[in-house]
Amino acid sequence: MKTAEPWKGAIMKYYQIRMYLVNARQKLGYSQYRVASEMGVCHQHYNRIENGVIGKDIQFRTIYALSVVLEIPFNVICEKEVEYQRILVNGDDD
């Protein structure tokens with residue numbers, strides 16, 4: 001029997017957004033498309049990074065490219081990413 005409300009009972013997966021990327025991108029006035037283009041990746045890939053779909057599996061070269069495109073010193077972006085990863089592991093954001 002089909003339900004009239006197919007979303008009921010569906011399991012939703014939520015991801016931790018990388019707000020440090022959102023903030024840096026917006027501060028420069030860049031769109032996700034522009035960041036993706038300057039990194040040499042497609043928009044969907046960048047969107048998955050920023051929105052946390054690509055969480056713990058982010059690559060070193062991606063962090064470096066983000067540093068260059070978003071004009072964030074490499075040591076600073078590494079610190080931000082370590083904090084982001086801590087939140088993923090511990091499940092808190094305070």
Open item on the list: Here is a check on your reading of the model: is L28 hydrophobic (A, V, I, L, M, F, W, C), exposed (fewer than 15 other Cβ atoms within 10 Å of the Cβ) and modelled with pLDDT of 90 or more?
Closed with: yes
- [ ] Sort out which residues of the range 61-94 are within 22 Å of Y30 (Cα to Cα) and of a type in the set (A, V, I, L, M, F, W, C), and write them in order of number.
- [x] I63, A65, L66, V68, V69, L70, I72, F74, V76, I77, C78
Open item on the list: So G52 passes all but one of these: (1) touching a Phe, Trp or Tyr at 6+ places or on another chain (Cβ under 6 Å); (2) modelled with pLDDT of 95 or more. Which condition number does it fail?
Closed with: (2)
Open item on the list: Which count do you get for residues in the range 58-85 that are surrounded by fewer than 17 Cβ atoms within 10 Å (Cβ to Cβ) and in contact with a Pro (Cβ under 9 Å, 6 or more places away or on another chain)?
Closed with: 0
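The values are calculated or read from the model by the stated rules, or taken from the named source; none is laboratory data. The structure displayed is predicted, hence computed values, not measured ones. So basically every Cβ, Gly included, is an ideal-geometry build from the backbone, and we count neighbours across all protein chains shown.
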